[in-house]
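Worksheet: one structure, shown below.
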Amino acid sequence: MQQRRIGRTDLSVSKICLGTMTWGQQNTEAEGHAQMDLALSRGVNFLDTAEMYPIPPKAETQGRTEAYIGNWMKARGNRDRVVLASKVVGRTDSDWYRDGRPSKLVRADIVDAIDKSLRRLQTDYIDLYQIHFPERPIAWGANPTRVGTAPAERLADETSIAETLAVFGELVKAGKIRHFGVSNESSWGIMRFIAESERGAGPRVASVQNAYNLVNRTFEVNLAEVCDREEIGLLAYSPLAQGYLTGKYDHGVRPEGARSTLFDRGQRYQKPQAAEALLAYNELARSFGMEPALFANAYVTSRWFVTSNIIGATSLSQLEVALNSAEVAWTEEMQTAVDDIHQRVGNPCP
């Protein structure tokens, strides 16, 4: 398994990262452990989780995923073999993260989050600690295809990026985290974090975790240039568009037990023209003699600006397909065919 360096850090991670958000909701602890065992045996050294997980977020399940990972690392004695990433929530009215109060990106809340995550993960440090989503009001995913409310909403009690970044600086000095990253962030947000870091407010942002897949290539428009020139690694999530790029939802099918069937949270991939685009890519994959899931994952991993592709699975067979995508030789013919569809359908699912 090829490894790539995250930004300017000393973290060398596999080009496939194992995502964990289903463990504790769709997957049992034993199933999560089996997925980690398989991924590690195939050369994956990178795990991504969050205090919010599993998804969908609920008070009664929050934190289970981190606890499962902590139990696994303790049982296997392999903390030194794992690059571990987790996240703190941004601004939210959900009060279960902070023991009955809303959460913001202020010192008290970030410290509360990291201390709880470290206990659940049964470790002294997290290699990459990320802001899950910004505190300021922006479009989810940070790169919409068109502008929303204008001018953008400003909150009277918005925590400044400099204030937030200073807390991450404290965590680095305390040895609780090694590096700092963001998620669901925009070009402006990343550049502000860099500017504040250069002024000495806190650590330099090492990575951004944003959605990227065949039906959402908005990252390429501005963020790819920012990350290239500023040496920031993209950790791409949702390479299968929440399963819509596996073909299982083609023609309106809703299989029993599938995520969109269980939770009705797939609206991002149910927009006008989305079904046409998804079907076109899935049929293209089949024309190359590949499962759609294999093709879609291989596309993301092949992009020059992707440091690691965060895969997700609810079964070992699904995980095998995702891991196998690392071995696919992406060709110019494949890319031309993908670009031909993209020219016609654009980015229907930002």
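A short reminder: the numbers here are calculations on the coordinates, not readings from a lab. Keep in mind it's a predicted model, so treat the numbers as computed, not measured. So basically every Cβ, Gly included, is an ideal-geometry build from the backbone, and we count neighbours across all protein chains shown.
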Taking R0 as 30 Å, what FRET efficiency do you get between GLU291 and TRP140 from their Cβ-Cβ distance, rounded to the nearest 0.05? 0.55
I need the phi-derived Karplus couplings for the stretch 284-299: 6.51 cos²θ - 1.76 cosθ + 1.60, θ = phi - 60°, integer Hz, Gly and Pro marked x. 4, 4, 5, 5, 8, x, 10, 5, x, 5, 5, 5, 5, 5, 5, 4
Which is farthest toward the positive dipole end of the chain among GLY252, GLY43, VAL111, measuring Cα position about the Cα centre, with Cβ charges +1 (Lys, Arg) and -1 (Asp, Glu)? VAL111
Leading residue at positive end of dipole, the stretch 179-306 (Cβ point charges), from VAL215, GLN273, GLY289: GLN273
For the stretch 153-159, Karplus-derived ³J(HN,Hα) couplings (6.51, -1.76, 1.60; θ = phi - 60°; whole Hz; x for glycine and proline) come out as 5, 10, 9, 4, 9, 5, 7
What order, most packed first, do the peptides 228-237, 17-26, 129-138 have when packing is the mean number of other Cβ atoms within 10 Å of each residue? 17-26, 129-138, 228-237
Could you give each residue of the stretch 323-338 its phi-based ³J(HN,Hα) in whole Hz, using Karplus coefficients 6.51, -1.76, 1.60 with θ = phi - 60°, and x for Gly or Pro? 5, 5, 5, 5, 9, 6, 8, 6, 9, 5, 4, 4, 5, 4, 5, 5
Could you tell me the relative contact order of the stretch 206-248? Use alpha-carbon pairs under 8 Å, at least six residues apart, and round to a whole percent. 52 percent
Spatial separation of Cα centroids for the stretch 294-350 and the stretch 55-134, in angstrom: 28 Å
State to the nearest 20 debye the size of the charge dipole of the chain about its Cα centre, where the only charges are +1 on K and R beta carbons and -1 on D and E beta carbons. 440 debye
Difference of contour (0.36 nm per residue) and Cα-Cα distance, GLU60 to ASP115: 17.9 nm
Rounded to the nearest 5, the percent of DSSP beta bridges in the chain running antiparallel is 15 percent
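Using a simple charge model, +1 on the beta-carbon of Lys and Arg, -1 on the beta-carbon of Asp and Glu, nothing else, what dipole does the stretch 1-146 show about its Cα centre, in debye to the nearest 20? Don't jump to the answer; show the numbers that get you there.
Values: 22 positive and 18 negative charges, 93 e Å.
I would put it at about 440 debye.
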Centroid-to-centroid separation of the stretch 155-205 and the stretch 1-39 [C-alpha atoms, Å]: 24 Å
Which residue, SER302, PRO203, MET334, has the largest displacement toward the positive end of the dipole of the chain when charges sit on each Cβ (Lys, Arg +1; Asp, Glu -1)? PRO203
If you place +1 on the Cβ of every Lys and Arg and -1 on the Cβ of every Asp and Glu, how big does the dipole about the Cα centre of the stretch 77-219 come out, in debye to the nearest 20? 340 debye
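Please give the contour-minus-distance gain from ARG107 to ASP37: 0.36 nm per residue of separation, less the Cα-Cα distance, rounded to one decimal in nm.
Details: separation 70, 0.36 × 70 = 25.20 nm, distance 3.57 nm.
So the extension gain works out to 21.6 nm.
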Spatially near lysine pairs across the chain, Cα under 22 Å, sequence gap of 8 or more or different chains: 17
